Amino acid sequence: MAALHLAFALALFTGHAAGVNNGLARTPQMGWNNWNALGCDVSESLLLDTSKKLVDSGLRDVGYNYVVLDDCWSRGRDEEGFLEEDLEKFPSGMSAVAEELHRQGLLFGMYSSAGEMTCARYAGSLDWEENDAKSFAGWGVDYLKYDNCYHMGRFGTPKLSFDRYKVMWDALNSTGRPILYSLCNWGEDYSHTWGMSIANSWRMSGDIYDSFSRPDDLCSCIDASSPFCIAPGTHCSVLNIINKVAPYVDRGQPGGWNDLDMLEVGNGGMTDEEYKAHFSLWAALKSPLLMGNDLRSLSAASLTILNNPAVIAISQDPVGHSVYRVRRELNVAKDKYGVGEIQVWSGGLSGGDQVVLLLNAAGEDARISASLEEIFLHDGPEGSAPQINEEWEVFDLWGNRMDNALAQKILDADEKDVEKLWKQANWYNSTEISYKEGLKKRDERLMGKKVGKINAGGSLTAKVKRHSVEMFRLRSVGHGGKRKVHAKEEL
Ligand code: GLA
């Protein structure tokens, strides 16, 4: 009895009554993965050139610290059944890569599949989990993306998939090395219902592609909870993925997140506004933020989307609540694919602030309005939320986007000049001050640009271009801590 009480008290004390507790991904993980831009074209020099770019462009210091190597890195198993790296692609070996990344203040991620082969038909880890977890830990790996191809028919019920993925979770744990565990089972077998018990993140859709709204037969599932969604597929648009996650947004929590797949920002298929919308939604929906572009040819425009600290601060807010969709309008102008909708998303942040996204995924520019009653729906339906009677300051989270010319200067600068430019720019540096600390101090660089006010009982209105988003932080004027802040903050 006493032991039981102690366990309960501990659970209350740590606030982790359920879910994984390996201490990792308390906010959604951030970093880079080669797959979207480069597929199987992987090598040691790619990883090291990328890590140098992460440091020199300042992307490491706004939070992107995992360098994740995807499929196609191995040459099979040795006689004792251990995976070997392809030494033509990685001549110094994986340990050396890990060491170099660690020296640069970065972390190293690798990939395998809970199947007999990986999706690109390299050796998989199914039934080799213990050996492979030992190899990853021995090489100094900090993150495992674990895919779902060639699973030998061991899927079809949540329990079958859970058990298959749990073997690797146990194997990783028994190495004693903290390794972030990222499930890549495309939402199959309802991974949003069990992923949080064994993993730090779980994919909830088929693979993303570089289109904002184009439907594609390869991504036939539009509703992940449908029993007919047995082929999550590839070629899923940004809009397809956000519509799929909408009913599950509350499943993410500190330590375990819905994974909407890697970012496409910078890969060339979307407009600047579409990329901003994609990035804003991934941040507000608490997806891991893994850049998926080739950083060796990073453009100024992509850099200024990816390095916006006011948007990243939404992703990294210690409360760890995703935004919820409070409105979806389908009866609007369609785009060239016959797709068109307008959506309003809203969610609670630390300190009683609120984030609101007005998404125009329609075929024409639109004026979008959201009342405080709608914005605070989750704090009390039918107008019962106390926040409706308060006055709010409105901050545009894209209002202080880095100037293109400065971004270009940073990208062109010699190693020795980069630091100087950074100091001059006074850009946010989360290696020096964490987002949690910065938010507590209300660091201006995380707040965005003040653009107006909403009176008690009023509404937020903005002109939103087609295929774009307007994203705002709302701050209550002088609530002085009188209102109970609903969101529980991480200790
Ligand atoms: C699957 C995954 C992708 C990528 C490839 C690699 O399609 O979902 O993210 O890892 O495999 O082959």
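The values are calculated or read from the model by the stated rules, or taken from the named source; none is laboratory data. From a predicted model like this one, the values you see are computed outputs, not experimental measurements. Neighbour counts run over all protein chains shown; Cβ positions are idealised from the backbone, glycine included. Accessible surface is based on the protein model in full, side chains and every heavy atom, while ligands, DNA and RNA are left aside. Shrake-Rupley method; radii C 1.70, N 1.55, O 1.52, S 1.80 Å.
Quick notes on this structure:
- Scope the stretch 63-89; condition farther than 21 Å from Arg103 by Cβ, of a type in the set (A, V, I, L, M) and either part of a loop (DSSP other than H, G, I, E, B) or open to solvent by 50 Å² or more (accessible area, probe 1.4 Å) (or both); matching residues: Leu87
- Residues (within 15 Å of the ligand (Cβ to nearest atom), under 16 Å from the mean Cα position of the chain (by Cα) and open to solvent by 10 Å² or more (accessible area, probe 1.4 Å)) located in the stretch 181-197: Trp186, Gly187
- Count of the stretch 285-301 residues which are without any contact (Cβ under 8 Å) to a residue 40 or more places away in the chain and open to solvent by less than 10 Å² (accessible area, probe 1.4 Å): 0
- Of residues in the stretch 125-157 being part of a loop (DSSP other than H, G, I, E, B) and within 13 Å of the ligand (Cβ to nearest atom), the one nearest to Asn65 (Cα to Cα): Asn148
- Evaluation of His102 against (1) in a helix (DSSP H, G or I); (2) free of Cβ contacts under 8 Å to residues at least 24 places away in the same chain (one fails), failing number: (2)
- Scope the stretch 267-284; condition in contact (Cβ under 8 Å) with a residue 60 or more places away in the chain, away from the ligand (no atom under 16 Å from the Cβ) and either in a loop (DSSP other than H, G, I, E, B) or under 18 Å from Leu183 (Cβ atoms) (or both); matching residues: Gly269, Met270, Thr271
- Residue in the stretch 107-124 that is away from the ligand (no atom under 16 Å from the Cβ), assigned by TED's automatic domain parsing to the domain that holds Tyr181 and touching a residue at least 40 places away in the same chain (Cβ under 8 Å) present: yes
- Lone unmet requirement of (1) modelled with pLDDT of 95 or more; (2) within 28 Å of the chain's Cα centre (by Cα) for Glu364: (2)
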